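Visitor: Shown below is the structure under consideration.
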Amino acid sequence: QSVLTQPPSVSGAPGQRVTISCTGSSSNIGAGFDVHWYQQLPGTAPKLLIFGNSSRPSGVPDRFSGSKSGTSASLAITGLQAEDETDYYCQSYDSSLSGWVFGGGTKLTVL
Amino acid sequence: EVQLVQSGAEVKKPGESLKISCKGSGYIFTNYWIGWVRQMPGKGLEWMGIIYPADSDTRYSPSFEGQVTISVDESISTAYLQWSSLMASDTAMYYCARLSGYDLGSYYFGYWGQGTLVSVSS
């Protein structure tokens, strides 16, 4: 059971917009700690997608965006492409655990 | 260019010891925390611990405290993750990653190594 809760799977058709939620609690997201997102292609290391709730590293397309409100955060992907079909993870800091926590991961399927 | 290069895959038996490595380059190694993340087969990411190379300050996840040891040799810009007695349940991919951020509560894993696959079986 992950401290941050993500839906196991989401799907969307090419060109559509999808969102992936990340629900935490008052000891992590709700405490004001930043949320970050990673994309993990099959057989490769995770790659930073969004940091500081909504900032994109250089090279990440602006089709990817992040937001945070209360005890939850979301990753939005617009103009869905076949290459977006992979796993996505959220991450934050938890003051109760005094450490960093990941969501359980969400598999995005492009229909 | 920031790079983290990890040691190669390992095949071990239960009860054996193991030390895997992560060599950083392209940045000032002592200025950034290095973390280790486990990914069991078909599962998600789990934070194991972090170390600050400048003073070896180390923090462990409660789930991994006492199970592994994280260390660093700043003279060769290398961080290590070691086990004294492996179990079959340690079979996983292990990633090192460099942390970035302005304080511990904002830190994220900005650069990742390629991963080291550890297989433990009798």
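Visitor: Mind listing the Cα extents of the range A:9-66 along all three principal axes, in Å, largest one first?
Guide: Each principal axis gives a Cα extent; for the range A:9-66 these are 36, 24, 24 Å.
Visitor: Evaluate 2.2 N^0.38 Å with N set to the residue count of the range B:1-105, then give the Cα radius of gyration divided by it.
Guide: 1.05
Visitor: Among the listed pairs B:LYS19/B:LYS43; B:LYS13/B:LYS43; A:LYS47/B:LYS12, which have their C-alpha atoms separated by more than 26 angstrom in this model?
Guide: Beyond 26 Å: A:LYS47/B:LYS12.
Visitor: Compute the relative contact order of chain B as a whole-number percentage, counting only Cα pairs closer than 8 Å that sit 6 or more residues apart in sequence.
Guide: Rounded, it is 36 percent for chain B.
Visitor: Compute the distance from the alpha-carbon center of the range A:1-48 to that of the range B:1-25, in whole Å.
Guide: 27
Visitor: Say a paramagnetic label sat at a point 7 Å from the Cα of A:SER25, along Cα to Cβ; which residues of the range A:63-94 have their backbone N under 13 Å from it?
Guide: A:94
Visitor: For the range B:43-107, what class follows from the C-alpha gyration tensor (a ≥ b ≥ c being the square roots of its eigenvalues): rounded when a/c is under 1.5, otherwise prolate if a/b is larger than b/c, else oblate?
Guide: Oblate, since a/c reaches 1.5 and b/c is not below a/b.
Visitor: Something else now. How large, in Å, is the range B:27-81 by the Kirkwood hydrodynamic radius built from its alpha-carbon pairs?
Guide: 11.8
Visitor: Spelling out what I want: for every residue of the range B:110-117, take phi, set θ = phi - 60°, compute 6.51 cos²θ - 1.76 cosθ + 1.60 (Karplus), and round to whole Hz; glycine and proline get x.
Guide: Values per residue, Gly and Pro as x: x, 10, 10, x, 7, x, 10, 8 Hz.
Visitor: Enumerate the calculated ³J(HN,Hα) couplings along the range A:59-66 in order (Karplus 6.51 cos²θ - 1.76 cosθ + 1.60, θ = phi - 60°), each rounded to whole Hz, writing x wherever the residue is Gly or Pro.
Guide: x, 7, x, 6, 5, 9, 9, x
Visitor: Using the alpha carbon gyration tensor of the protein assembly as shown, what are the three equivalent-ellipsoid semi-axes (square root of 5 times each eigenvalue), largest first, in whole Å?
Guide: The three semi-axes for the protein assembly as shown are 29, 20, 17 Å.
Visitor: Using θ = phi - 60° and the Karplus curve 6.51 cos²θ - 1.76 cosθ + 1.60, what whole-Hz ³J(HN,Hα) does each residue of the range B:54-60 get, with Gly and Pro shown as x?
Guide: 5, 9, 6, 4, 10, 10, 10
Visitor: Report the Cα centroid-to-centroid distance between the range B:92-113 and the range A:51-68 in angstrom, as an integer.
Guide: Using only Cα atoms, the two centres lie 17 Å from each other.
Visitor: What's the local net charge at A:ALA31, with K and R +1, D and E -1, over the other residues with C-beta under 14 Å away?
Guide: -2
Rule-based calculations on the coordinates, nothing more; no lab input. All values reported here derive from a predicted model rather than from experimental measurement. With ideal geometry, Cβ positions are generated from the backbone for all residues, glycine too; neighbour counts draw on all protein chains shown.
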